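Trainee: I'd like to ask you about the structure that follows.
Bear in mind these aren't lab numbers, they're just calculated from the coordinates by the rules spelled out. Keep in mind it's a predicted model, so treat the numbers as computed, not measured. Because the Cβ atoms are built from the backbone with ideal geometry, glycine has one as well, and the counts that use them run over all protein chains shown.
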Amino acid sequence: MTDQSADFATRLLDWFDQHGRHDLPWQVRDYPDKHPYKVWVSEIMLQQTQVKTVLNYFDRFMQRFPSVESLAQASWDDVAPYWAGLGYYARARNLHKAAQQVVAQGSFPHTLEGWMALSGIGRSTAGALMSLGLQQYGVIMDGNVKRVLSRHQAIAGDSMSSPVVAQLWQLATVLTPVQRNADYTQAIMDLGATLCTSKKPLCLYCPVREDCKAYQQNRVLEFPQKKAAKATPVKHAVVIIIEHEQTGQWLWQQRPSEGLWGGLYCLPIVEQTELAAFQAQFSLTTGCSLPTVKHSFTHFSWFLTPQVFKVNAAQHDALQHYFAASQWLDKQQAMDKGLPKAMLKVLGQC
């Protein structure tokens, strides 16, 4: 390391010792008595998700699946309720699959390449697992690190573009020390999460502000730079609540394993233009409409209007056959299956 990069690490570590987060439930203590499983679970949960949100899920998930073996042996239907509401469900499916890969090979990986060979693990997550999980040398590039380094060096250009990403990785590699590597990894994430935040950075408390180029130029909020955001598309659909007159149960459908809300249970959803034909096919009388629910994803916003239909025993089997992988469930049974947040919003209207 150069003197400049060593000084950067020293200042950051000194700050971390006093102000960093040392009590997160997934932080490894007394390695090698602990293994990297809980760090791995936390790293997957923390992808595109804030710590405060993950804290609501992590302990419950670990109590149910305390080891990689228990996760690997579980079915997806067992795993889904413990991830429901956390979003980005492909993460959970990849974690589940990767746990099975680890058990099949007999041990956790011990190299960067070994971690990256598992489902759902990229270069940054693999670096975090080497550093935080195995206490070996690792370099990370999550959103917090990207923001800190982009501002410190006032790196121009779209932060998602290949040239800028390569520049950031090169800088991160130069700055990351071998000694106290795990502490440094946690420190730079903590700095981005608590001081060098995206909207209201607390620069006066930052341990590396003296040579931060964005701070010197009074341009902190300009970094990291992004392409002009496109308008978020808006979609509309109808959530069909099919209520059995005799039992009061609703018809719930398990979505395909790939795609939106993969493997989770949802109320049937149809396009507005399909609703009339659906009603006619099953001779359904128009029921009450509930207030529209808005749910935002990364790439679009969905406005879902719940429409209630009550059906009799004669319509029961035909409707269940029409909607593949469907079941009649009461509210608690559906909740126990694990529902995406949009469905919880719909339930909140009822």
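Trainee: For the chain, set up a GNM with springs between Cα atoms under 10 Å and report which of 187, 325, 84 has the largest fluctuation.
Mentor: Maximum among the listed residues: 325.
Trainee: Taking the Cα centre of each part, how many Å lie between the range 315-350 and the range 149-164?
Mentor: 45
Trainee: Sticking with this structure for a sec: Roughly how many Å is it from the Cα centre of the range 71-146 to that of the range 5-19, as a whole number?
Mentor: 28
Trainee: A further question follows. Just want the ordering: 234, 165, from fewest to most Cβ atoms lying within 10 Å of their own Cβ.
Mentor: Working: 234 11, 165 15.
Listed from fewest to most nearby Cβ atoms, that is 234, 165.
Trainee: Could you rank the peptides 212-221, 133-142, 250-259 by their average count of other C-beta atoms within 10 Å per residue, with the highest value first? If you can, show how the numbers build up before the last one.
Mentor: Details: 212-221: 15.1, 133-142: 20.5, 250-259: 16.8.
With the highest mean Cβ count within 10 Å placed first, the list reads 133-142, 250-259, 212-221.
Trainee: Let's test the formula: R0 of 41 Å, r as the Cβ-Cβ distance of residue 53 and residue 231. What FRET efficiency results, to the nearest 0.05?
Mentor: Working: r = 26 Å, r/R0 = 0.64.
That gives a FRET efficiency of 0.95.
Trainee: Only Lys, Arg, Asp and Glu count, each charged at its Cβ (+1, +1, -1, -1), so figure out the dipole size of the range 61-192 about its Cα centre, rounded to 20 debye.
Mentor: Working: 9 positive and 8 negative charges, 42 e Å.
Dipole of the range 61-192, to the nearest 20 debye: 200 debye.
Trainee: Along the charge dipole of the range 234-348, pointing to its positive end and built from +1/-1 on Cβ of Lys, Arg, Asp and Glu, which listed residue (279, 329, 257) has its Cα farthest out?
Mentor: Ranked along the dipole, the leading option is 257.
Trainee: What FRET efficiency, computed as 1/(1 + (r/R0)^6) with R0 = 25 Å and r the Cβ-Cβ distance, is obtained for residue 330 and residue 279, rounded to the nearest 0.05? Write down the numbers at each step before the final one.
Mentor: Values: r = 24 Å, r/R0 = 0.97.
About 0.55, to the nearest 0.05.
Trainee: Return the equivalent ellipsoid semi-axes of the range 3-222 as a descending list in whole Å, where each equals the square root of 5 times an eigenvalue of the C-alpha gyration tensor.
Mentor: Numbers: eigenvalues 197, 63, 55 Å².
The equivalent ellipsoid of the range 3-222 has semi-axes of 31, 18, 17 Å.
Trainee: Please give me the summed charge of the neighbours of residue 325: other residues whose Cβ is under 14 Å from its Cβ, Lys and Arg +1, Asp and Glu -1. Mind showing how you got there, number by number?
Mentor: On the way: positive: 255, 337; negative: 77, 258.
Residues close to residue 325 contribute a combined charge of 0.
Trainee: For the chain, what proportion of DSSP beta bridges, expressed in % and rounded to the nearest 5, is antiparallel?
Mentor: Numbers: 14 of 25 bridges.
Taking every DSSP beta bridge with both residues in the chain, the antiparallel ones total about 55 percent.
Trainee: GNM, the chain, Cα, under 10 Å: largest mean-square fluctuation among 211, 190, 23?
Mentor: 23
Trainee: Positive end of the dipole of the range 93-222, charges at C-beta (+1 Lys, Arg; -1 Asp, Glu), about the Cα centre: which of 144, 174, 104 has its Cα farthest in that direction?
Mentor: Value: 144.
Trainee: So in the range 234-348, what percent of DSSP beta bridges are antiparallel if you round to the nearest 5? Intermediate values should be presented prior to the final figure.
Mentor: Values: 14 of 25 bridges.
Looking only at bridges with both residues in the range 234-348, the antiparallel portion is about 55 percent.
Trainee: Of the options 316, 186, 293, report the single residue whose Cα projects farthest towards the positive end of the charge dipole of the chain (beta-carbon charges: Lys, Arg +1; Asp, Glu -1).
Mentor: Farthest towards the positive pole: 293.
Trainee: Next question, about the same structure. So between residue 113 and residue 5, what do we pick up on full extension, going 0.36 nm a residue minus the alpha carbon distance? Provide the component values of the computation, followed by the final result.
Mentor: Working: separation 108, 0.36 × 108 = 38.88 nm, distance 2.60 nm.
Result for the pair: 36.3 nm of gain on full extension.
Trainee: A further question on this structure: Under unit Cβ charges (Lys, Arg +1; Asp, Glu -1), what dipole magnitude, rounded to 20 debye, does the chain have relative to its Cα centre? Could you put the intermediate results ahead of the total?
Mentor: Working: 32 positive and 28 negative charges, 174 e Å.
That gives the chain a dipole magnitude of about 840 debye.
Trainee: Whole Å is fine, so just give me how far the alpha carbon centre of the range 276-298 lies from that of the range 174-238.
Mentor: 43
Trainee: Starting from the 7 Å offset along Cα-to-Cβ, what nm value, one decimal, do you get for the label separation of residue 217 and residue 70?
Mentor: 5.1
Trainee: Here's a follow-up. Hey, which lysines would be in cross-link range of residue 38, C-alpha to C-alpha under 30 Å, not counting anything within fewer than 8 residues on its own chain?
Mentor: 52, 97, 146, 337, 341
Trainee: If you don't mind, there's one more thing I want to ask. Could you work out the helix-only [θ] at 222 nm for the chain, with each DSSP H run of four or more residues adding -39,500 (n - 2.57) and the total divided by the number of residues, to the nearest 500 deg cm²/dmol?
Mentor: On the way: 16 runs with 156 residues, N = 350.
When only DSSP H runs of four or more count, the value is -13000 deg cm²/dmol.
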